[in-house]
1. Which whole-percent values make up P(r) of the stretch 1-75 when all C-alpha to C-alpha distances are grouped in 10 Å steps starting at zero?
2. For the chain, what is the charge dipole size about the Cα centre, in debye to the nearest 20, if Lys and Arg each add +1 at the Cβ and Asp and Glu each add -1 at the Cβ?
3. Suppose R0 equals 30 Å; then what is the FRET efficiency for Arg308 and Gln257 from their Cβ-Cβ distance, rounded to the nearest 0.05?
4. Using the heavy atoms of the protein chains and a 1.4 angstrom probe, tell me the accessible area per residue for the chain in square angstrom.
5. Along the Cα-to-Cβ line of Lys190, 7 Å from the Cα, sits a label point; which residues in the stretch 228-258 have backbone N less than 19 Å from it?
6. To check my understanding: the extent here is largest minus smallest coordinate of the Cα atoms along each principal axis. What are those three numbers for the stretch 90-135, in Å, largest first?
7. Give me the percent relative contact order of the chain, please, defined on Cα pairs under 8 angstrom at least 6 residues apart.
8. Tell me, rounded to the nearest percent, the portion of alpha carbon pairs in the stretch 138-196 spaced more than 15 Å apart.
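The values are calculated or read from the model by the stated rules, or taken from the named source; none is laboratory data. Just so it is clear, the structure is predicted and the values come from calculations on it, not from any experiment. Cβ placement follows ideal geometry from the backbone for every residue including glycine, while neighbour counts extend to all protein chains displayed. Accessible surface is based on the protein model in full, side chains and every heavy atom, while ligands, DNA and RNA are left aside. Shrake-Rupley method; radii C 1.70, N 1.55, O 1.52, S 1.80 Å.
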Amino acid sequence: MCTAAAYKTKDFYFGRTLDYEFSFGDQVTITPRNYPFRFRFQGTMETHYAMIGMAHVADDYPLYYEAVNEKGLGMAGLNFVGNAHYGEKADGKDNVAQFEFIPWILGQCASVKEALRLLEQVNLVNTPFSESLPLAQLHWILADRDEAVTVESVLSGIHVYPNPAGVLTNNPPFPEQMFNLNNYMHLSPKDPENCFSDKLSLKTYCRGMGALGLPGDLSSQSRFVRAAFVKLNSVSGDSEEESVSQFFHILGSVDQQKGCSDLGNGNFEMTLYTCCCNGDKGIYYYTTYGNHQITAVDMHREDLEGTRLIPYPLVQKEQILYQN
Ligand SMILES: C[C@H](CCC(=O)NCCS(=O)(=O)O)[C@H]1CC[C@H]2[C@@H]3CC[C@@H]4C[C@H](O)CC[C@]4(C)[C@H]3C[C@H](O)[C@]12C
């Protein structure tokens, strides 16, 4: 499972948790403007917006899990197993292989508005990257500082939904996730009133009782409710430190500890990494399961006119600051 969120203070922040039982070999990867993207059906994109995100680099190609571009548009792919469906190549469409979707959009679009226009033409094609990297069943959240949408390619075609919650997890399909929030409209960050009965003198005996009933488990529907509640009620200062810190706290609400989701054979799902991209500054912040210190890569410290990928291996070990 994974959870993604878009958040705005002074700047725009976008990030996700990636939950899985093993790593694909992830690297924070910058794609500069002149790296040629060779699409399977759409020819070569010689120049494009620069982007930064987490990717598995294979054959010198950045297989992005999520990224933001230099214009502040962010996009993340999250598992959508059993529902995702990609088609065959179709005439008169922009045929984009599933693994090319993030470069296709972030390479050319400066905003969600621009992406919506491009999406009308897109046909997501079921071509795998390679034999060893087969199709991933995903859906996507696309967000800028003004709005967010969810993109789902299913049997009936591509659907683009406005995403006013600005969060995404996994199954069920997005309209059901949003409908399910109706069940939680009574949750509040404020103290509850006694609506139960005026014949009982019920009282708030501690803080935080307004959100009693917020689901605490790791299922994707529960994480959706939790991430939406925490994000939409989030209060933080708007400095870079306060915003980034708050963003990690928001995603901390859906953190998966190793041991709590047993997949059998000694495998456990856990939050392998959590990231927060500042879309305005092009800075990618991350923590990993084994390293709680926030590490950052700033794309503007690199030559964005370059032609070669710039990958950074993750800092995976805990860095403890001894005070004595
Ligand atoms: C595993 C992750 C989702 C985590 C998740 O949600 N786990 C819950 C399981 S569940 O919800 O219980 O089912 C997803 C998210 C993004 C994916 C990569 C996207 C690029 C590339 C596409 C290629 O085609 C295949 C290889 C490739 C590197 C992909 C590997 C893997 O698929 C990634 C990491």
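1. With a bin width of 10 Å, the distribution comes to 17, 45, 30, 8.
2. For the chain, the charge dipole is close to 540 debye.
3. After rounding, the FRET efficiency stands at 0.20.
4. Here the per-residue accessible area is 49 Å².
5. Flagged as within label range: 229-236.
6. Its Cα atoms span 35, 23, 11 Å along the three principal axes.
7. Across the chain, relative contact order equals 25 percent.
8. Value for the stretch 138-196 (Cα pairs over 15 Å): 58 percent.
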